[in-house]
1. Quickly run through the stretch A:85-109 and pick out the residues that are touching a residue at least 60 places away in the same chain (Cβ under 8 Å) and assigned to a loop (DSSP other than H, G, I, E, B).
2. Return yes or no: is A:Thr188 at pLDDT 95 or above, open to solvent by less than 10 Å² (accessible area, probe 1.4 Å) and over 20 Å from A:Ser88 (Cβ atoms)?
3. Just a yes or no: is a residue in the stretch A:97-108 within 9 Å of another protein chain (Cβ to nearest Cβ), more than 15 Å from A:Ser15 (Cβ to Cβ) and either under 18 Å from the mean Cα position of the chain (by Cα) or surrounded by 22 or more Cβ atoms within 10 Å (Cβ to Cβ) (or both)?
4. Residue by residue through the stretch A:206-220, note down the ones that are part of a helix (DSSP H, G or I) and surrounded by fewer than 24 Cβ atoms within 10 Å (Cβ to Cβ).
5. Which ones in the stretch A:201-230 are over 19 Å from the mean Cα position of the chain (by Cα) and of a type in the set (A, V, I, L, M, F, W, C)?
6. Would you point out the residue of the stretch A:41-56, among those that are open to solvent by 60 Å² or more (accessible area, probe 1.4 Å) and without any contact (Cβ under 8 Å) to a residue 24 or more places away in the chain, that is nearest to A:Gly93 (Cα to Cα)?
7. Give me the residue from the stretch A:1-40 that is assigned to a helix (DSSP H, G or I) and touching an Asp or Glu at 6+ places or on another chain (Cβ under 8 Å) and, out of that set, farthest from the other protein chains (Cβ to nearest Cβ).
8. Within the stretch A:221-230, is even one residue touching a residue at least 40 places away in the same chain (Cβ under 8 Å) and part of a loop (DSSP other than H, G, I, E, B)?
Amino acid sequence: MITRHAEQVMGTVFSFVVRDPSPAVDEALHAAVARLHAIDARFSPYRADSEVSRIAHGESELADASPELAEVLERCAEIEALTDGWFSPYPEGRLDPSGWVKGWAVEQVCALLCEAGSTEHCVNGGGDVQSVGGPWRIGVADPFRPGALAAVLAGRDLVVATSGTAERGAHILDPRTGEAPTGLLSLTLVSSGPARLARTDACATAAFAMGAEQGLAWTGRQPDLEALAILPDPALPKRATSGFLRYAV
Amino acid sequence: MRRAIVTTTATAAGVVLLLSLKPHGGQSASAQAPVISSGSDTSSTSGTSDTGGTGSAGNGDASSTTAPSAAPSGKAGGSSSSTSKSSSYTGQAVDTRYGPVQVRIDVSGGKISKIDVLQYPDGMQRDQDINSYALPVLNQEALSAQSAQIDAVSGATYTSDGYTQSLQSALDQAGLK
């Protein structure tokens, strides 16, 4: 018996798979969904009345931030330091910690399910996945072929986050290398270690911004992260960090 | 340029996994690439595919014996016990300019169900000039959602509208029926 649920929240859809449902776990699932909406109400940059929006628009002071927002900003600062500034909670000059919050929200869902006794569940927050138990099989969407997969990853406690701009269309090629300037259509980070989704997702955002060469090099230096890079030309090979094939099916 | 080819003893050579090592900022992927090819029967077993996700992909039962490839191996060197229905083939170690590379594949039902990299160059993580592989060909046959038995899909964040056309949506619907 498997419980599945999909919930529209945070401008996307969160999908849940619970392999060991029970009344307590089902109750936790309801609480988790409510928690997601509460997180959205506080952190959404698209809701004028959210705490993040009020601060971004100067209607409220950062110094008066709630303890929850203050803690999120602390975590964001850690990732900003880890990524040499490639991740920022001010991506366009205004406060917007979404790059951390979505993965963090998934972590909280998993924590609630674990507290209720579940040891086998998988939560997908709009394309960023954290799984508990397993083995789980996580597909990586192929940006060139909607509905198809570029890779399948398998393992226990898998965490998979993808950054990409599939909508961006044609790229200008660098005549010297034949590659697009940033050279990335999507970048997927995978971990099964202690790294959790918020950190993995934020690192994926940062490494994508770095571009193919630097992003792969940087990820290769992180002991608990592996990367799959899909380049903007389908004729170009996919690239991955040296340990990526541990996860590939 | 050094190039080596290992062919495993799997049945018909159909699927080829090309695993090439590429220096940082290098030219084309094949320039210095050692190539490991693993043969396998690719006979298709997946069913119909209209919405891409119904059918076997939706049952979520990836831990059953139909998916031996999902064995919990998190380490390249960790041996995994195959189920009785699958066979393992271990290629010879290929000595590349960066160190030895060796892969093992599990074949189940005539298809590659798992690829383990048993050995890869230790120094690669430390060598900032050699930090990534090029993966020219992955097993396309294994990558249709129907045969992949996946539980979730990772991709660039979709909007609520985009979700309705996504593979994840198809998985969810299959499971919610």
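The values are calculated or read from the model by the stated rules, or taken from the named source; none is laboratory data. The model shown is predicted, which means the values in this text are computed figures rather than measured ones. For neighbour counting, all protein chains shown are included, and Cβ atoms are generated from backbone atoms with ideal geometry for every residue, glycine included. SASA here: full protein model, heavy atoms, side chains in, ligands and nucleic acids out. Shrake-Rupley method; radii C 1.70, N 1.55, O 1.52, S 1.80 Å.
1. A:Trp86, A:Phe87
2. Here the answer is yes, as A:Thr188 does meet what is asked.
3. no
4. Once the filter is applied, which keeps residues that are part of a helix (DSSP H, G or I) and surrounded by fewer than 24 Cβ atoms within 10 Å (Cβ to Cβ), the stretch A:206-220 yields A:Ala209, A:Met210, A:Glu213, A:Gln214, A:Ala217, A:Trp218.
5. A:Ala217
6. Within the stretch A:41-56, the match that is nearest to A:Gly93 (Cα to Cα) is A:Arg54.
7. The extreme case among them is A:Ala28.
8. No, that holds for no residue.
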